[in-house]
Amino acid sequence: MKQRVLLLVLLTAAVFGAVQLLSGGGPDGPVSPRPETNGEPDLISRSGPTDESAARATPFSNAAECRPCHEAVYSEWKRSYHGMAWTDPMVQALSKGFRMTECIDCHAPQPIHITGVDKRVAPRQHGRGDGVDCLTCHLLADGISVAASRDVDTSLVAGACRPQKEATMDVSTVCAGCHNQHETVDELLASGVEAECQTCHMPEVERVSGDAAVPGRSHVFPGAHSEEMHRRALELKVRIADGRVIAEITNVGAAHKVPTDARHRSYNVWISAWDSRGNAYVTEQQIDEIRLYYRDDFRPSTQIAHDETRTATWEIPEGFKGRVEVKLTYALNPEELAAGRVFDVHKGEVKIQ
Ligand code: HEC
Ligand code: HEC
Ligand code: HEC
Ligand code: HEC
Ligand code: HEC
């Protein structure tokens, strides 16, 4: 009896497979056209079929389907922290392998244009390993059209992804569903800076495609893991006044507070001092922490808003002569800080004679 059922299953599968082949369906059949890419990784392919019958009929279901035609964007995204929002070891550890299901919402979300750009995001059931994927930010309700920030001549696209102009795509609103939990978008609005999240986190780029340069916007999303971004965000000035070493840290490059969002991020200020003979007097003594604290930790936030300066000081001991160094570092979380795995952001120095 069992064998007969198995045979029936196999037969049904074989017949189904043959029908699929004959009708040209399946993942690579003409219903979902795949253009030639000429082996050029940076090509935005325009070689998809142009007749209406070949237009895409099956909805997109994952990021890999965008790859053949948008290879450069795909590879930028793949190494971004959006592409790693599920696999990121820190996220895996903190969410207990996502057994804390409330963490799935933003780290493997459903397409936001479908669930509502100004609404709380909702968790996705499949393909969670892709994290914040192309479909999250681009897919529209019909499953085939994608949100673009400008009008695109769809005759060039052959229905492959049907770009449609969406007013939210080039403003911060599109980031808000996941990034305003700790008020990053509100901080930007309060700063008065005329910029959107995309201005600094999706800078304009030109991608080489054959002989042509194709304008686009970077999908690497540099932020907390970028030393360059930290250097750009803050300026450090060190001076001596009233028997103290004064370190002034100004937010010159970020339109929101620094650090922003995740409450485990911090900048830290350290003092080292050597006497006039070069002997170490103080080694990396912490004099300040710049951070948004957890809700159950009642310390007030020490974040620095745009254009504001925070001052940290070190009392110069009686009779001390020598060299004092101030170092500003950034840590992704308290464990990294304790292990000394930090980004060196800026250094400053004064001589005391
Ligand atoms: C069969 C090829 C193909 C596939 C598959 C495809 N696209 Fe496209 N896409 C194109 C072409 C061609 C254009 C037009 C490029 C142009 O004119 O600048 C385009 C345009 C776009 C645009 C507008 C670009 C602009 O310059 O404003 C976006 C956004 C986009 N695609 C996203 C996606 C996403 C997301 C996916 C996967 C869900 C996808 N595409 C799948 C071929 C494709
Ligand atoms: C659907 C949710 C969602 C949307 C929409 C979204 N993000 Fe994110 N973003 C995330 C998550 C989740 C992370 C954290 C990923 C990680 O580190 O594992 C993240 C991380 C980042 C980072 C930090 C990268 C780093 O190095 O730590 C930047 C910068 C960023 N996003 C910018 C943007 C911008 C700009 C937009 C709008 C164009 C946007 N995001 C839209 C969910 C989202
Ligand atoms: C409302 C959306 C949202 C929810 C819900 C959410 N996150 Fe995130 N998460 C983000 C965003 C946005 C970032 C990027 C912020 C940043 O870089 O500072 C992020 C970053 C992180 C990071 C930093 C990753 C790194 O590489 O440094 C960790 C860890 C993290 N989240 C863990 C969690 C855990 C655990 C939960 C559940 C308790 C959770 N998140 C729920 C949006 C969310
Ligand atoms: C004027 C440029 C600028 C604009 C506009 C801007 N950012 Fe940033 N952002 C930065 C810089 C510089 C950093 C690095 C300093 C830092 O990590 O805070 C940064 C860091 C981040 C981080 C990493 C978390 C952290 O603070 O360590 C996230 C997440 C982020 N930005 C999200 C956003 C979002 C969302 C918007 C729109 C509401 C936005 N940014 C607008 C410049 C900008
Ligand atoms: C976190 C949200 C987010 C994710 C994830 C994302 N995009 Fe985008 N993408 C945007 C936004 C916002 C713009 C419009 C920027 C603008 O014009 O101001 C954009 C622009 C584009 C464009 C036109 C500009 C260019 O550089 O050619 C293409 C094509 C595109 N995205 C394809 C993709 C593909 C393919 C993926 C996945 C590999 C992807 N995007 C992932 C938010 C996202």
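The values are calculated or read from the model by the stated rules, or taken from the named source; none is laboratory data. Just so it is clear, the structure is predicted and the values come from calculations on it, not from any experiment. No Cβ is skipped: glycine too gets one built from the backbone with ideal geometry, and neighbour counts run over all protein chains shown.
Looking at A212, A147, just one residue is in contact with a helix residue (DSSP H, G or I) (Cβ under 6 Å, 6 or more places away or on another chain), more than 10 Å from ligand 2 (Cβ to nearest atom) and in the same structural domain as D118 (by TED's automatic domain parsing), and that residue is A147. The number of residues in segment 98-139 that are assigned to a loop (DSSP other than H, G, I, E, B) and either more than 24 Å from L337 (Cβ to Cβ) or within 14 Å of ligand 5 (Cβ to nearest atom) (or both) comes to 19.
Just one of the listed residues (V238, V245, V252, V269) is touching a Gly at 6+ places or on another chain (Cβ under 8 Å) and of a type in the set (V, I, T), namely V238.
Counting residues in segment 175-191 that are within 18 Å of S75 (Cβ to Cβ), in contact (Cβ under 8 Å) with a residue 12 or more places away in the chain and near ligand 5 (Cβ under 8 Å from one of its atoms) gives zero. For segment 178-207, the candidate set comprises residues that are in contact with a strand residue (DSSP E or B) (Cβ under 8 Å, 6 or more places away or on another chain) and not polar (S, T, N, Q); within that set, the residue that is modelled with the lowest pLDDT is R207. Looking across segment 264-303, the residues that are in contact with a Ser or Thr (Cβ under 8 Å, 6 or more places away or on another chain) and over 21 Å from S226 (Cα atoms) come down to S272, A280, V282, T283, E284, Q285, I287, D288, Y293.
Quick grid of which residues meet (1) in contact with a Cys (Cβ under 9 Å, 6 or more places away or on another chain); (2) among the small types (G, A, S); (3) over 24 Å from G278 (Cα atoms); (4) not assigned by TED's automatic domain parsing to the domain that holds E284:
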residue	(1), (2), (3), (4)
T311	no, no, yes, no
W314	no, no, no, no
P317	no, no, no, no
V324	no, no, no, no
K327	no, no, no, no
A331	no, yes, yes, no
A339	no, yes, yes, no
D344	no, no, no, no
K347	no, no, no, no
